[in-house]
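What follows is a set of notes on a single structure, which appears directly below.
The values are calculated or read from the model by the stated rules, or taken from the named source; none is laboratory data. Since the structure is predicted, the reported quantities are computational estimates derived from the model, not experimental observations. Please note: Cβ atoms are built from the backbone with ideal geometry, for glycine as well, and neighbour counts cover all protein chains shown.
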Amino acid sequence: MARLTQADLADLNTTFEERTPQELIEWGISVFGQRMAALSAMQESGTVICHMLHSLDVKINVLFVDTGVSFQETLDTRDRVIKEYGLNVVTLMPEKTMDEQTREFGILYLTPEGQKECCHMRKTIPMLNAKGQYDAMIGSLRRSEGGKRSQCPILAVDPQMNCIRINPLVNLNDEQLAKYINVNNVIVNPLHAQGYPTIGCNRCTTPVMPNEPRRAGRWRHLGPWSVYCGINPTDLASDTATACEFSQDLIDRILGRETDFVI
Ligand code: SF4
């Protein structure tokens with residue numbers, strides 16, 4: 001096995017700034033084939049990715065983490081995506097129900113330390129159970145979301161899952177996203193029309209007032225809107241030394257080169 005670092009992806013990331021989301025998805029399928037999945041939380045940008053896969057006829061699994069305390073509207077959106085886009089959505093769930101977890105640990109999400117533990121058990125571990133099945137995962141992060149996401153790269157290494165994260169929508173701003181949704185009549189989680197710019201678990205997400213920051217409704221009870229669940233590694237760190245381990249052949253295919261030696 002050989003190492004691929006975030007720094008190794010710098011040139012490719014520069015080149016890819018010129019590519020459309022659809023071209024980036026097609027690049028992913030050409031390199032990774034069925035070893036690529038998409039990750040969708042069934043928010044609007046996630047259903048845009050699902051629509052793009054459907055319209056490109058790309059048959060890859062779509063991973064959806066259901067924490068067991070998802071909004072019913074989110075589950076209904078997932079079911080519509082399966083039915084109307086014909087996608088294979090794989091629902092990943094935590095081992096314990098929220099009731100079982102609360103009996104054992106108390107209501108974790110009420111404190112900053114508990115939130116990290118709860119998100120780890122209900123989001124990160126279910127994802128990690130899929131580790132090894134995929135070398136690449138398409139996400140739906142956009143730079144115009146602001147905060148940590150304003151610097152999000154198109155390609156990012158995810159050492160925890162040992163895969164490449166591909167973010168084809170990074171350069172889509174709010175207007176462009178809305179236009180794509182309208183023109184293509186994309187399935188949209190109805191909570192967006194009810195004051196939720198972003199949507200997570202029903203325990204930790206509230207609507208947002210028009211003059212509040214976009215993520216004000218996420219973990220509102222924990223303070224100044226800087227919390228992320230950690231399911232997207234680029235929300236937490238952007239260390240260029242972070243690395244994945246792949247076969248040399250796969251690294252060469254990702255970087256589009258041939259190597260006859262390994263350092
Ligand atoms: S968002 Fe809240 S309820 Fe959901 S996993 Fe994280 S802390 Fe737990």
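Below are the figures for this structure:
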| quantity | calculated |
| --- | --- |
| Positions within region 121-138 being more than 8 Å from the ligand (Cβ to nearest atom) and not in a loop (DSSP other than H, G, I, E, B), in sequence order | Thr124, Ile125, Pro126, Met127, Leu128, Ala136, Met137, Ile138 |
| Flag for Pro213 being surrounded by fewer than 17 Cβ atoms within 10 Å (Cβ to Cβ) and either assigned to a helix (DSSP H, G or I) or within 16 Å of the ligand (Cβ to nearest atom) (or both) | no |
| From the options Pro112, Pro94, residue that is modelled with pLDDT under 95 and more than 26 Å from Trp27 (Cα to Cα) | Pro112 |
| Members of region 196-211 found to be closer than 19 Å to Lys123 by Cβ and out of contact with any helix residue (DSSP H, G or I) (no Cβ under 7 Å at 6 or more places or on another chain), listed by number | Tyr196, Thr198, Gly200, Cys201, Asn202, Thr205 |
| All positions within region 82-119 that are away from the ligand (no atom under 12 Å from the Cβ) and among the aliphatic types (A, V, I, L, M) | Ile82, Leu87, Val89, Val90, Leu92 |
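Matching residues to (1) of a type in the set (A, V, I, L, M, F, W, C); (2) in contact with a Lys or Arg (Cβ under 7 Å, 6 or more places away or on another chain); (3) free of Cβ contacts under 8 Å to residues at least 60 places away in the same chain:
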{"position": "Arg3", "(1), (2), (3)": "no, no, no"}
{"position": "Gln34", "(1), (2), (3)": "no, no, yes"}
{"position": "Ala41", "(1), (2), (3)": "yes, no, no"}
{"position": "Gln72", "(1), (2), (3)": "no, no, yes"}
{"position": "Glu84", "(1), (2), (3)": "no, no, no"}
{"position": "Lys96", "(1), (2), (3)": "no, no, yes"}
